[in-house]
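Below you'll find the structure, written out as structure tokens, and then a few comments.
Every number here is computed from the coordinates shown, using simple stated rules; none is lab data. Note that this is a predicted model, so its numbers are computed, not measured. Cβ placement follows ideal geometry from the backbone for every residue including glycine, while neighbour counts extend to all protein chains displayed.
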Amino acid sequence: MLSLTTGLAPLVLAGLLGWTGAVKVFSRGTAQQAPKTALARMLRSSERATTVLRATGAGELLIAAGLLVIPANPVPGAAAAVLGAGFLVYLGYGRTMAPESSCGCSAREDTPITWRAFARAAVVLIGGAAVAPAQDTWWSAVSERPAGALVFLAGAAAVLVALSADLDRWWLLPLRRTRLRVFGHPLLGTAAGNHQVPVAASVELLENSLAWQAAAPVVRSALLDHWEDDGWRILQYSGVYGDGENARPVAVVFALDATAGRDTGDDPVVRVSYVDADSGGAVAVDELGAVPSRKSLPMAG
């Protein structure tokens, strides 16, 4: 199995580097994606980033050709290992300095840098290091064990597809849509035939209601507790009303229809109650008229 792996590794690496290199060099999307990459921030120029991406793609194509034509030569494998190490360093910089940016690894991937980009770069590094000292050719491995080679290449292709975010639209998104059709949306209360509305859906409805907007100056916490009573879903938060020495802690209690969900259409009826946290007595609504409104925080930049 080890000999089959090292024998076919050049073919797998050539496929990966040939694909990513061809996309960088020949795709018009390279110039469009370059400004979104961490490389553009590193070089402080979208034009220079585009040039470096295309040059990197050309290098990937050259290494892929070497892996295909002269797999027993240590040079293509060593070059792939160096390229993989460079990718890891670049990804580490991008994840630290510009976590919202994409890596530009395939010139079509506009999602932020994730573990999948690191894993793919590690595959290039480890694969190149394994290929460099090998003396076997991939065509001899295929001819000697065609069935095993077919299984190995299919598994390797599946792994590389799973590590490529820009291919998600071909397999991951359809899989997610199928899951939602079969099991239902988790916030619609229809999952697996269960018609009970999840608490997360009730919280979402509440936080988009006028009742929440009116009580927002008092609320000071996330959801603390919830329960159901006579068809109502009760959601409890902590809060403070008053200012300075007159500030008093309260429990803010919302009640809304336990069967209301995002698919019910109409806005739910929401009841609001305020309970003094010290005495446990209800706080009259008119006592909340003096509650100061929260100041909006200044926007950075």
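Ranked for footprinting exposure by Cβ neighbours inside 10 Å, fewest first, Phe118, Phe152, Phe254, Phe26 give Phe26, Phe118, Phe152, Phe254. Listed from fewest to most Cβ neighbours within 10 Å, the set Trp171, Trp212 follows the order Trp171, Trp212.
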